[in-house]
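Taken together, the values in this text are just the output of simple stated rules run on the coordinates, not laboratory data. The shown structure was predicted, so the numbers you read here are calculated from the model rather than taken from an experiment. Virtual Cβ from ideal backbone geometry, glycine too; neighbours counted across all protein chains shown.
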Amino acid sequence: MQSEINNILSRCRKQDPAAQKALYEKYSPLFYGICLRYMKNKQDAEDVLVESFYRIFSKLHQFKDAGSFEGWMKRIVVNSNLMQIRKNSNLNLHVEIEQAYNLKEDATALTDIQHSELLGLMDEMPTGYRTVFNLYVIEGYKHREVAEKLGISINTSKSQLILAKKRMQQLYKKKHESQLKSS
Amino acid sequence: MSDSNDHIRSISEDFKPTPPPMAWNRIEKRLSNVKTKSKKKKYNLIRFWFSIAASLMVIITCTYIIYQESNSTQTYGVEYVAEWEDLDIQKDYFYSIENARMINNVSKVSYQN
């Protein structure tokens, strides 16, 4: 498995089109999934996917074999998404620490959510909430790293996350209640 | 909230939708555009250095020829004039007018044949 990736990688460095396509076919579903979580529509997600792969292929010489290749590519994909978000819209990140800290979290509220539902809920959230939620909960970045990436304070990152989770829980409950009523 | 975080992370990692079929064509097109541009850049760079090398060669050759010309003129002026001054034209075989005429006739005959 690793040797196969190394083989593809070395051929991609020589700009072998077949190897580039093989790398795309292997990782594009995973990266398209990431793009769909950050972007609000499929067209934007496709644009970011194209941009991400273009950047991966053109920066391949910068990858040192020491770390994880998949991790390195994922970082490029996430950064491409963040760049697109900055280009398209203002993140609307407000410092609402007090308001956020007064909210209580329900630890079990989203433990049975399906991915399609998650995507639906994320589409309904403001860009800032969605971005912080993606970076912290799904990508596993720390608040310090999220703050650095988005150019905000650590407290803003924390408050945005709390508000994002709260909004998500509310939307999820609302949907389930309406489903129960209709059934 | 770590329970739901873990759940959300795990379902997200498993989410691998099929990308749109045109995406690869767009990537391929962008990559080929870059290749063409870089080839053009490379070609222009080669052409630039080649023209500089050619210009240098012309300059060096011209300088060498001019130097040689001026140098040989001087040498001729100093050495040959001295030789010509010491030369007894009447006695010398090669420079005698008769011999010169004879050589000239012989060569004309040989060319005609």
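Starting from one equal scatterer on each C-alpha and no solvent at all, send me the Debye-based log10 I(q)/I(0) for chain A at q = 0.08, 0.11, 0.15 Å⁻¹, two decimals. For chain A at q = 0.08, 0.11, 0.15 Å⁻¹, log10 I(q)/I(0) is -0.31, -0.56, -0.93. Cα centroids of region A:110-125 and region B:1-48: 26 Å apart. Over region B:16-76, the ratio between the Cα radius of gyration and 2.2 N^0.38 Å evaluates to 2.52.
Sequence gap at least 6, Cα distance under 8 Å: using those rules, report the relative contact order of chain A to the nearest whole percent. Walk me through the numbers before you get to the answer.
Values: 143 pairs, mean separation 37.3, N = 183.
It rounds to 20 percent for chain A.
Converting phi to 3J(HN,Hα) with the Karplus coefficients 6.51, -1.76 and 1.60 and the offset θ = phi - 60°, region A:33-39 yields x, 4, 4, 5, 6, 7, 8 Hz in sequence order, with x at every glycine or proline. For chain A, a Gaussian network of Cα nodes joined below 10 Å ranks A:Leu121, A:Leu110, A:Leu82 by mean-square fluctuation, and the top entry is A:Leu110. Relative to one another, the C-alpha centroids of region A:133-183 and region A:8-35 are positioned 31 Å apart.
Would you work out if region A:36-76 is rounded, prolate or oblate? Take a ≥ b ≥ c from the square roots of the eigenvalues of the alpha-carbon gyration tensor; rounded if a/c is under 1.5, else prolate when a/b is larger than b/c, oblate otherwise.
Values: a/c = 5.03, a/b = 2.07, b/c = 2.43.
Here region A:36-76 falls in the oblate category.
If exposed trypsin sites (Lys or Arg not before Pro) are those in a DSSP loop with at most 14 other Cβ within 10 Å, what is the longest stretch of chain A that has none?
It runs A:15-58.
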